[in-house]
Amino acid sequence: MKTRISVNCIVGVATVLLFLLPNTSCTRDTPVTDQTLLDQIRIQDMMVRYYADLGTVSGEKMAQHYTEDGVLDVNNMVFTGHDEIEKIYSTTGEETGEAYEGTVHTLVTNMIIDIDGDEATCWLIYTNVLNESIENQPQFLEQGRDYTMLVKSDGRWLIKHRWVTSDGGTPEYWRQKYIKRSFR
């Protein structure tokens, strides 16, 4: 009988602890709230759309994801402000060595978003995949990491500073100032 009470007590304590887990996290210092969850969803949606839009929308539209003084740093090639960011996104694939026959999709995975009020960071892995035709197997083109600092302005999340670091398959243009770096 005493053994049964001990087992029931252990099960009861474990159950209470499991109910507490959604409100705490072993890896976060700040509590999760309805607002941080909503902000996390908004940031995730914005980053996925951002990568989906690469190469298909204007440089002007891509620059609108950034603050006026935003910074885009791709392999240590730094572009600051809407004008420079718009210009690099308006650069054609022929100029950067990224002109491909077929369709290129960017997969965005392993996203980690941390929110602190009106500031946030987002870390993710991107993988570019080329589909030359319906008959051919997809080909991996490039993979790397993205670390982005964001700020909320008038209820909208904008990129303040974005570091993109390639890990493989990097076109020559984007290797000009390459340095290996890590943000995690």
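The values are calculated or read from the model by the stated rules, or taken from the named source; none is laboratory data. These numbers were taken from a predicted model, which means no experiment stands behind them. Cβ sites come from the backbone with ideal geometry, for glycine too, and all protein chains shown count toward neighbours.
May I ask you to list pairs of residues, at least six apart or on different chains, whose Cβ atoms are under 9 Å apart, with the first in the stretch 150-164 being at positive phi and touching a residue at least 40 places away in the same chain (Cβ under 8 Å) and the second being surrounded by fewer than 19 Cβ atoms within 10 Å (Cβ to Cβ) and small (Gly, Ala, Ser)?
none
Which is modelled with pLDDT of 95 or more, assigned to a loop (DSSP other than H, G, I, E, B), over 21 Å from the mean Cα position of the chain (by Cα) and of a type outside the set (Lys, Arg), of Glu135, Glu101?
Selected residue: Glu135, the only one of Glu135, Glu101 that is modelled with pLDDT of 95 or more, assigned to a loop (DSSP other than H, G, I, E, B), over 21 Å from the mean Cα position of the chain (by Cα) and of a type outside the set (Lys, Arg).
Using beta carbons and a limit of 6 Å, which pairs, at least six apart or on different chains, have the first residue in the stretch 46-63 and touching a residue at least 60 places away in the same chain (Cβ under 8 Å) and under 19 Å from Val108 (Cα atoms) and the second one crowded, with 16+ Cβ neighbours inside 10 Å and β-branched (Val, Ile, Thr)?
Qualifying pairs under 6 Å: Val48/Val108; Tyr51/Thr106; Tyr51/Val108.
Taking the stretch 49-73 as the region of interest, how many residues are among the hydrophobic types (A, V, I, L, M, F, W, C), modelled with pLDDT of 95 or more and either outside any helix (DSSP H, G or I) or out of contact with any helix residue (DSSP H, G or I) (no Cβ under 6 Å at 6 or more places or on another chain) (or both)?
Selection size over the stretch 49-73: 2.
What is the residue count in the stretch 157-184 for residues that are surrounded by fewer than 12 Cβ atoms within 10 Å (Cβ to Cβ) and farther than 14 Å from Leu124 by Cα?
Residues meeting the conditions: 6.
Considering only the stretch 124-147, how many residues are in contact with a Leu (Cβ under 8 Å, 6 or more places away or on another chain), crowded, with 17+ Cβ neighbours inside 10 Å and among the polar types (S, T, N, Q)?
2
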